[in-house]
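> Quick one: the structure is below, and I'll ask about it shortly.
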Amino acid sequence: MLDRLSAAIERHFVGVGSATAVPRLTLVALDEPIEPTDRLEDPMICFVAGGSKRTTTGELSHVAHAGEMLFTTIDLPVTIAVEEAPYRSAVLRFDHQALTQLLVELHETAPATLSTIEPQVIAPMTPELVDALTRYVRLLDTPDDIRPLAARVESEILYRLLRSSLGPVLRQWSLADSTTTRMREVARWICARYTEPLSIDEIAAVAHMSPAGLHRHFKAATGMSPLKYQRHLRLQEARRRLVVGDATAAQIAQAVGYASATQFNREYRSVYGLPPGQDAARLRARLTHAPTATTQRTQTPTVSPRV
């Protein structure tokens, strides 16, 4: 069954980061492993049909293999590496309203028993889920069928997810007043203000928690403290600007919120292993010498595609 899903993904893959005509569906097909790259993931599920990928956030690292799905529960700055190729995956972003409506129809609105949810969760795909997902991707074979059928197949996928080992996590994730939902809102609040000076007390007020409670729950939800989360956002954006722009490291440091260029250089090197200028030069060289022709789709920008 995975072979059919993998073939459908490869058939309709048009480029890294490219959305498809099917709502909330992105496809990825990479023929070679890729080096670790950074990106900000939003809540989604990555269904791996072939190969494997590693994602690292803070102190946490996960590897999703063929036949597994990786649920990212919160907006998360991650480092991604495709370790085994050929790599094929289908990525589904959530329609929160559709999930909530389905839970109501199934009379499954009681609070979940999970107290916290990890930032990323790996679970096996069931045969029924693979079948539904394959039909979702194959809607691209017949574009006229997408509008009348996509919502129905997507609803089946959500149903199969709720009936899988990922079900308790999804139920907890969907609750309007769960700790997970509050941490998701806090993460998005920080994302919108990552260049500003933020304090733990200020962030705790957004979460309606004590600073200690915020620190504990946010680290459980993201793998890092709120201020370390903000630092990762700043450094990822700085790295992107260094590669694609012509501003100096000092100018970029100021633009992403650093008051001290020295602190920026120190933190950048601690995360990426090189000073900003040297790291940017290395990344530009890697992109310049990337393969062409049939292997062009394995090129990766500084901020990686959603894989």
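> Could you say which residue among Glu59, Glu105, Glu83 is at pLDDT 90 or above, more than 12 Å from the chain's Cα centre (by Cα) and of a type in the set (D, E, K, R)?
Numbers: Glu59 fails: at pLDDT 90 or above; Glu105 fails: at pLDDT 90 or above.
Only one candidate qualifies: Glu83.
> From the set of residues in segment 186-208 that are without any contact (Cβ under 8 Å) to a residue 12 or more places away in the chain and either more than 27 Å from Pro276 (Cα to Cα) or part of a helix (DSSP H, G or I) (or both), which is nearest to the chain's Cα centre (by Cα)?
Restricting attention to segment 186-208, the residues satisfying the condition of being without any contact (Cβ under 8 Å) to a residue 12 or more places away in the chain are 192-193, 199, 201-202, 204-205.
With either more than 27 Å from Pro276 (Cα to Cα) or part of a helix (DSSP H, G or I) (or both) added as a condition, the list becomes 192, 201-202, 204-205.
Details: Ala192: 17, Asp201: 28, Glu202: 26, Ala204: 24, Ala205: 26 Å.
If we take residues in segment 186-208 being without any contact (Cβ under 8 Å) to a residue 12 or more places away in the chain and either more than 27 Å from Pro276 (Cα to Cα) or part of a helix (DSSP H, G or I) (or both), then Ala192 is nearest to the chain's Cα centre (by Cα).
> Assess whether Ala221 counts as being out of contact with any Ser or Thr (no Cβ under 7 Å at 6 or more places or on another chain) and part of a helix (DSSP H, G or I). Walk me through it before giving the result.
Details: out of contact with any Ser or Thr (no Cβ under 7 Å at 6 or more places or on another chain): no; part of a helix (DSSP H, G or I): yes.
For Ala221, the condition - out of contact with any Ser or Thr (no Cβ under 7 Å at 6 or more places or on another chain) and part of a helix (DSSP H, G or I) - is not met.
> Can you say whether Thr57 is surrounded by 19 or more Cβ atoms within 10 Å (Cβ to Cβ), more than 24 Å from Ser155 (Cβ to Cβ) and touching a strand residue (DSSP E or B) at 6+ places or on another chain (Cβ under 9 Å), as far as the supplied structure shows? Explain how you work it out, then say what you get.
Working: surrounded by 19 or more Cβ atoms within 10 Å (Cβ to Cβ): yes; more than 24 Å from Ser155 (Cβ to Cβ): yes; touching a strand residue (DSSP E or B) at 6+ places or on another chain (Cβ under 9 Å): yes.
Spelling it out, Thr57 is indeed surrounded by 19 or more Cβ atoms within 10 Å (Cβ to Cβ), more than 24 Å from Ser155 (Cβ to Cβ) and touching a strand residue (DSSP E or B) at 6+ places or on another chain (Cβ under 9 Å).
> Let me ask you something else. Hey, can you tell me all the residues within segment 1-35 that are under 17 Å from Ala150 (Cβ atoms), within 16 Å of the chain's Cα centre (by Cα) and assigned to a loop (DSSP other than H, G, I, E, B)?
Going through segment 1-35, the residues under 17 Å from Ala150 (Cβ atoms) turn out to be 5, 8-9, 12, 19-27.
Remaining after also requiring within 16 Å of the chain's Cα centre (by Cα): 19, 24-27.
Arg24 - this is the single residue of segment 1-35 that is under 17 Å from Ala150 (Cβ atoms), within 16 Å of the chain's Cα centre (by Cα) and assigned to a loop (DSSP other than H, G, I, E, B).
> When you go through (1) in a helix (DSSP H, G or I); (2) in contact with a Gly (Cβ under 9 Å, 6 or more places away or on another chain); (3) under 18 Å from Leu76 (Cα atoms); (4) not hydroxyl-bearing (Ser, Thr, Tyr) one by one for Met183, which number turns out not to apply?
Met183 satisfies every listed condition except (2).
> Show the residue pairs that are 6+ apart or on different chains and have beta-carbon atoms under 6 Å apart, the first residue being within segment 40-53 and among the small types (Gly, Ala, Ser), the second being surrounded by fewer than 22 Cβ atoms within 10 Å (Cβ to Cβ) and part of a strand (DSSP E or B).
Gly50/Pro86; Gly51/Glu84; Gly51/Ala85; Gly51/Pro86; Ser52/Val63; Ser52/His65; Ser52/Glu83; Ser52/Glu84
> Among residues belonging to segment 163-186 that are of a type in the set (A, V, I, L, M) and closer than 19 Å to Val91 by Cβ, point out the one that is surrounded by the fewest Cβ atoms within 10 Å (Cβ to Cβ).
Residues of segment 163-186 that are of a type in the set (A, V, I, L, M), as a first pass: 166, 169-170, 175-176, 183, 186.
Now narrow it down to the ones that are closer than 19 Å to Val91 by Cβ: 166, 169-170.
Details: Leu166: 22, Val169: 20, Leu170: 23.
Here the residue is Val169.
> Quick test of your reading of the structure: Arg24 fulfils all but one of (1) surrounded by 17 or more Cβ atoms within 10 Å (Cβ to Cβ); (2) touching a Phe, Trp or Tyr at 6+ places or on another chain (Cβ under 8 Å); (3) modelled with pLDDT of 90 or more. Name the failing condition by number.
Only one criterion in (1) surrounded by 17 or more Cβ atoms within 10 Å (Cβ to Cβ); (2) touching a Phe, Trp or Tyr at 6+ places or on another chain (Cβ under 8 Å); (3) modelled with pLDDT of 90 or more is unmet by Arg24, namely (1).
> Could you list all residues from segment 42-93 that are more than 23 Å from His12 (Cα to Cα) and of a type in the set (Gly, Ala, Ser)?
Gly58, Ser61 - these are the residues of segment 42-93 that are more than 23 Å from His12 (Cα to Cα) and of a type in the set (Gly, Ala, Ser).
> Restrict the check to segment 188-195 and report whether at least one residue is modelled with pLDDT of 90 or more, out of contact with any Ser or Thr (no Cβ under 7 Å at 6 or more places or on another chain), under 21 Å from Val121 (Cα atoms) and not hydroxyl-bearing (Ser, Thr, Tyr).
Start the filter on segment 188-195 by keeping residues that are modelled with pLDDT of 90 or more, which leaves 188-195.
From the residues that got through so far, the ones that are out of contact with any Ser or Thr (no Cβ under 7 Å at 6 or more places or on another chain) too are 188-195.
Keeping just the survivors that are under 21 Å from Val121 (Cα atoms) gives 188.
Okay, now just the ones that are also not hydroxyl-bearing (Ser, Thr, Tyr), so 188.
The answer is yes, given that some residue of segment 188-195 is modelled with pLDDT of 90 or more, out of contact with any Ser or Thr (no Cβ under 7 Å at 6 or more places or on another chain), under 21 Å from Val121 (Cα atoms) and not hydroxyl-bearing (Ser, Thr, Tyr).
The values are calculated or read from the model by the stated rules, or taken from the named source; none is laboratory data. No experiment lies behind these values; they were computed from the predicted model shown. FYI the Cβ positions are ideal-geometry reconstructions off the backbone, even for glycines, and counts take in every protein chain you see.
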